[in-house]
Every structure is written in C-alpha cells, then in structure tokens.
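The values are calculated or read from the model by the stated rules, or taken from the named source; none is laboratory data. Not measured: the values here are computed from a predicted model. Please note: Cβ atoms are built from the backbone with ideal geometry, for glycine as well, and neighbour counts cover all protein chains shown. The protein model used for the area step is the full one, side chains on, heavy atoms only, and it has no ligands, DNA or RNA in it. Shrake-Rupley method; radii C 1.70, N 1.55, O 1.52, S 1.80 Å.
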Amino acid sequence: MKESGNGGMGRLDYKRTFLIGLAFLSISGFWQMYDSIIPLILQNTFRLGETVTGVLMAMDNVLAIFLLPLFGALSDRADTKIGKRMPFILCGTALAVSFLMLLNVADRQQNLVLFLTVLFLLLLSMGLYRSPAVALMPDLTPNRLRSKANAVINLMGAVGGVYALLMIKLLVGAGERPNYLPLFASVGGLMAAAVLVLFTTVREKQAAAQEEQGREDAKKDAVGQASGGSTVLSEPVKRSMAFLLASILLWFTAYNAVTTAFSRYTRVVWHMEGGSFADCLMVATVAAIISYIPIGNIASRIGRKKTILAGIVLMSVCYFAAIFVGAYHPVINLAFAAIGVGWAAINVNSYPMIVEMSKGSDIGKFTGTYYTFSMAAQIITPVLSGFLLENVSYRTLFPYAFLFSVLAFLTMTQVRHGDSKPEKKKDMLDNFDVED
C-alpha cells in the first residue's frame, strides 16, 4: 500500500480495497444463490429426498476443508507476471461461470449424472479461487490497516449477497421448475464483471512490491511476538474456550439449517412461489448490515458476552414464533430483520472473544479452530435437518433451529473469559470488521 504523504503514517487506500473486495463480492453472490436455488433443483427436478439433498448441500463444506488450505498454499508459492493470487482468481472465476451455465443445461435436460458431475466441478472451481481471493487483501495491506480493510471486504461481500437475493426475487418465475438461466446468467455476469474490473484496476505484482516494507515489518512483529514465547491457556480459560466453541457449533447449526432449507420450506409450508422467498433473506441481510454500528456501540457499553446472549435470545424468539406461522405475511419480514440483527450481534463479537482468550498463545491456531467448528456445523446440519424434514415434517425446521439456539444460549452462559469491552469504533467501516 502506498504511504500517504502524512509524515510516514500509513492510510488505507479505500479505492483499492473496494476493488480488491470485488473478488469477495463475486464469491458471496454465488454462495447466496447456491444455497437458495440448488436445493430446489435437487428436489423439484430430480426428486431427491431431503436427506440426500442435505448431504449434497453439505458437500461444498466438506470439499472446502481440503480445497481451501490446498489452493491457499499453492497460491502462496506461485509467482507469475500477474501476481500469485490473480491467476487462481481469474482461472477459478472463468471455470465457475462456465460450469454454472452448464448446470442449467443439466437441469433443463433432467440429467442427474451430468448435473452432479457439473456441480462437483463447479464446487472445485469455487474452491480454486476462494482462498487466494481472501488472501489478496492482507497481501496488499499493511498489518496495522487490515482490520479496517477487512471491514470493507465484509461490506462488499454483503453487497454481493443482496444482489443475488434481488436477482432471485426478480428472475425466478413461479412453478415447480422455473427456468434458472436468467438467474444463473445474472450471477455469472456479476462474477465475471467483478473479477474483470479487479484484474484491470489492481496490478497485484506492482502493488505487492509496494507493500514489501510493510510485509517485512509484519514479519519482524511476528518474530518479536514469537520470541516472547507463547503461554499455555489456563484451565479456566480452556473451559471458557470449549464452551464458546460449542456455542459457535450450536448457533451455526440452528442458523444454517434455516438458510439452507428456507427456499423449500416456504414452498411447502407457506405456499410461496418463484423467488418471493428471497424477500425475507434479503431483509435479514440488510438488517444485519445496518445494525453493525449500533451493535458496536452496545457491545462497547455492556460487553461482548451480553451482546451475544441478547442476539441469541432475539433469534430464538423469532424461531419460536415462526413455528406457529402457517402462511406468509409481511410481518414475517420484521422477524427476519430481527434475526439479521441477532446474527450480526453474534458474529461481531464471537471471533474477537476467541482472539481475546488466545492472547499470548497461538492466535492462528485458535482462528483455525473457530472456522473448523463453524464449518463442521454447516456440514452436519443440512443432513440432520434434512432427515427430519423428510421423515418427520417440514414443520420441524423452526423447532430444530429453536432447540439448537437455546442450547447455544446455555453453553454461552458458561463462558467466563474473552469479554473485554471493545472500544467504540472511530470509523463507521470498522463496525463491519467481524472476521477475517
């Protein structure tokens, strides 16, 4: 990053950071569409049951466990004329968009073997560039500015998610088997355009060269921290860490069940047609974005743990209320806005608690553990909730979410550490910095 002409004090290059965020925007837009539409195709086109659908929907997370570290490491060692991350981003995007278009062909032909083959290749393509795309920001940003830059990246990702939901609402027609080509084309077009703009405006190799001194400083800091030794977590802190990780597993189990099955649930229980279900998810996403700032202020006053518990309560109340809703009503959007606020309250504060507890120890190790638990929930819950939807009733979805949300509340009450009250953010974008 170029140093501003301010006496050597580095300032974040917001323009370049927003451009870097285009890669994450494309990724988030894809996954929002994927989670909403692919289950509908599996069930309505190929007549697969809820359990099998859940297994297939968990496949991307299973692959991610292996693909993300692999391609991240490969891009670390790459050295090309256009940089080390950009080849993976360009190649992965091109392949993903191509397979996305082919996926529609398999759907229209009702060819299950072709569909599953293309789906697998599509997921491989997304795995090819996901880690390199995320790594591009820290590559081109000094360590001291990465939190603020990560806020911009998260904001761009949210924009991608909202775009996909809006396209679902506008382009998915009524009926059991609508033509998804317009939707796939709109999302594929966003992915291609976003990455093309990124490539033409951010010269990775040159920008990385400008950051050489910043990386050297970061390495010195890391060596300095390592030379100070790492302390082993005390038993009380280990206990709090265990309960927090359990809470993370439980609230992701609840939330991901709803987001993965919601498009199907609205058709069967609420009798909604086309992409109208996207309204609720869009409201939740926008509410989460808007609530980051007040949540940051609240957490600075009452602490992280209480803010998280309040978020869990808010979501649990909404899950419980949804159990008794037999048909869609506009008031439901208010409940989903509350769910978005609750989810933001959890995400803004949970990862910082992990970092706080791991101070003086191996922060990277516990960051990896955080993602392992959240990803494990997203592997298990589509299968488990799908089994209940298929073999018991679709109406088990919200009781299921309510149960695991309540369990998350109980485990969270046992967390006694990591609750340092964060300082109020001086910059609005700092409130979007929830996790790297």
Give segment 163-185 a look and list any residue that's surrounded by fewer than 19 Cβ atoms within 10 Å (Cβ to Cβ) and closer than 20 Å to THR93 by Cα, or say none.
-> LEU181, PRO182, ALA185
Odd one out for THR117, checked against (1) part of a helix (DSSP H, G or I); (2) touching a residue at least 12 places away in the same chain (Cβ under 8 Å) = (2)
Somewhere in segment 100-120, is a residue on the phi < 0 side of the Ramachandran plot and in contact with an Asp or Glu (Cβ under 8 Å, 6 or more places away or on another chain)?
-> yes
Out of segment 1-54, which residues are open to solvent by 40 Å² or more (accessible area, probe 1.4 Å), over 30 Å from PRO142 (Cβ atoms) and either at pLDDT 95 or above or not charged (D, E, K, R) (or both)?
-> GLN32, VAL52
Could you list, in sequence order, all residues of segment 128-145 that are at pLDDT 75 or above and assigned to a helix (DSSP H, G or I)?
-> LEU128, TYR129, ARG130, SER131, PRO132, ALA133, VAL134, ALA135, LEU136, MET137, ASP139
Could you grab me the full set of residues in segment 268-287 that are surrounded by 19 or more Cβ atoms within 10 Å (Cβ to Cβ) and either assigned to a helix (DSSP H, G or I) or among the charged types (D, E, K, R) (or both)?
-> ALA278, ASP279, CYS280, LEU281, MET282, VAL283, ALA284, THR285, ALA287
Which one of these does ILE65 not meet: (1) surrounded by fewer than 16 Cβ atoms within 10 Å (Cβ to Cβ); (2) under 23 Å from GLU273 (Cα atoms); (3) under 22 Å from the mean Cα position of the chain (by Cα)?
-> (2)
Candidate set: segment 211-244, residues that are within 21 Å of ARG77 (Cβ to Cβ) and surrounded by 12 or more Cβ atoms within 10 Å (Cβ to Cβ); chosen: the one modelled with the lowest pLDDT | ALA222
Got a number for residues in segment 384-428 being part of a helix (DSSP H, G or I) and either open to solvent by 50 Å² or more (accessible area, probe 1.4 Å) or at pLDDT 90 or above (or both)?
-> 27
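Looking for whichever is assigned to a helix (DSSP H, G or I) and at pLDDT below 90 here; the options are ILE298, ILE339. Which one fits?
ILE298
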Only one of these conditions is not met by VAL118: (1) open to solvent by less than 30 Å² (accessible area, probe 1.4 Å); (2) at pLDDT below 90. Which number is it?
-> (2)
In segment 172-190, which residues are touching a Gly at 6+ places or on another chain (Cβ under 7 Å) and hydrophobic (A, V, I, L, M, F, W, C)?
-> VAL172, ALA174, VAL187, LEU190
Looking at segment 103-113, is at least one residue open to solvent by less than 60 Å² (accessible area, probe 1.4 Å) and under 15 Å from PHE30 (Cα atoms)?
-> yes
Go through (1) touching a residue at least 40 places away in the same chain (Cβ under 8 Å); (2) in a loop (DSSP other than H, G, I, E, B) and name the single condition HIS329 misses.
-> (1)
Within segment 297-311, work out how many residues are farther than 12 Å from ASN347 by Cβ and open to solvent by less than 20 Å² (accessible area, probe 1.4 Å).
-> 1
